[in-house]
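Please treat every number below as a calculation from the coordinates, not as lab data. For clarity, every value in this text was computed on a predicted model and none was experimentally measured. Glycine also receives a Cβ, built like all others from the backbone with ideal geometry; neighbour counts cover every protein chain displayed.
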Amino acid sequence: MRIGIDRDVCIGAGQCALTAPDVFTQDDDGYSVLLPGREDGGGSPLVREAARACPVGAVTVGETAS
């Protein structure tokens, strides 16, 4: 799984961090970032829900090519 956060779109609502706190957090400015080592989602079933919860669509989830 590939997770993207468009920092130009992110408004810092924090819905991703609330939905999947084992994958997302917020930086010192309040914008979403992936936790270290979680660039692939870490197998969390909540990653797709976190992307849907983003009010501005800044979080994207895609499959990686095998």
Report, in deg cm²/dmol and to the nearest 500, the calculated mean residue ellipticity at 222 nm for the chain, where each DSSP H run with n ≥ 4 adds -39500 (n - 2.57) and the sum is divided by the residue count.
-4000 deg cm²/dmol
Residue (of 62, 21, 37) at the positive-pole extreme of the chain, dipole from beta-carbon charges:
62
What nm value, rounded to one decimal, do you get for the distance between residue 11 and residue 63 when each label is placed 7 Å out toward the C-beta?
3.2 nm
Under a point spin-label approximation (7 Å from Cα along Cα-to-Cβ), what is the residue 52-residue 25 distance to one decimal in nm?
2.7 nm
How far apart, in nm, are two points set 7 Å out from the Cα along the Cα-to-Cβ line at residue 2 and at residue 18?
3.0 nm
